[in-house]
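Working notes, beginning with the structure itself.
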Amino acid sequence: MASSGSPSPSPRGGAPRPATTEDRPGARRLGTVLLGAEALCLLLLGGFMITRVGSQDVGASLAIGLAVFILLFAIAVGLAALSLSRRGRFGLGFGVTWQLFQALVAASMLRAAIVVVGGIGMLLAIATFVVLLALVRATPLPFDDEEAKGRRGPRG
């Protein structure tokens, strides 16, 4: 079927179902790139916090704590990007949840007059959220393929 974005026939009767991600491979690729960019930014920020350990403006324990926290999330967002590229559902679930958290942090930065970093964070969170939400709506449920083939899955 051509990638027209129109609904395709459903295996259950004549009701149409939304277009799947196979109909829109560019959206999955864009979501993967956006999550990868976020992971890279977090990795750079974590590295920057490590360089601040000996500075006078940030205490050593705070800098180490922030670096570890940020680097753990960089790894998680990187794994979400990898999962999304391999058509996994973890990337979608964690990615959408992460965007909400990132938007909250970016809004706090904007309120504290950290305009450039907060603005970039907010734009990246909104763009990634919109792309991932489109993928969530288009991703079939785990047992849709089995039902289409006439098999009965664990749902009965």
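The values are calculated or read from the model by the stated rules, or taken from the named source; none is laboratory data. In this text the structure is predicted, and so the values were computed from the model without any measurement. Please note: Cβ atoms are built from the backbone with ideal geometry, for glycine as well, and neighbour counts cover all protein chains shown.
What the table below lists for this structure:
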quantity	calculated
Residues being surrounded by 16 or more Cβ atoms within 10 Å (Cβ to Cβ) and either in contact with a Lys or Arg (Cβ under 9 Å, 6 or more places away or on another chain) or free of Cβ contacts under 8 Å to residues at least 24 places away in the same chain (or both) - total across the stretch 65-75	2
Every residue from the stretch 48-67 that is in a helix (DSSP H, G or I) and either modelled with pLDDT under 85 or not aliphatic (A, V, I, L, M) (or both)	F48, T51, A60, S61, G65
Only one of A125, A67 that is within 20 Å of A27 (Cβ to Cβ) and aliphatic (A, V, I, L, M)	A125
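Quick grid of which residues meet (1) modelled with pLDDT under 90; (2) closer than 21 Å to L43 by Cα; (3) out of contact with any helix residue (DSSP H, G or I) (no Cβ under 7 Å at 6 or more places or on another chain); (4) surrounded by 15 or more Cβ atoms within 10 Å (Cβ to Cβ):
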| site | (1), (2), (3), (4) |
| --- | --- |
| L79 | no, yes, yes, yes |
| G95 | no, yes, no, yes |
| A103 | no, yes, no, yes |
| I120 | no, yes, yes, no |
| L123 | no, yes, yes, no |
| A134 | yes, no, no, yes |
| P154 | yes, no, yes, no |
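Residue-wise test of (1) hydrophobic (A, V, I, L, M, F, W, C); (2) under 24 Å from V33 (Cα atoms); (3) in contact with a Pro (Cβ under 6 Å, 6 or more places away or on another chain).
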residue: Q56; (1), (2), (3): no, no, no
residue: S61; (1), (2), (3): no, no, no
residue: F69; (1), (2), (3): yes, yes, no
residue: L84; (1), (2), (3): yes, yes, no
residue: G88; (1), (2), (3): no, yes, no
residue: G95; (1), (2), (3): no, yes, no
residue: A103; (1), (2), (3): yes, yes, no
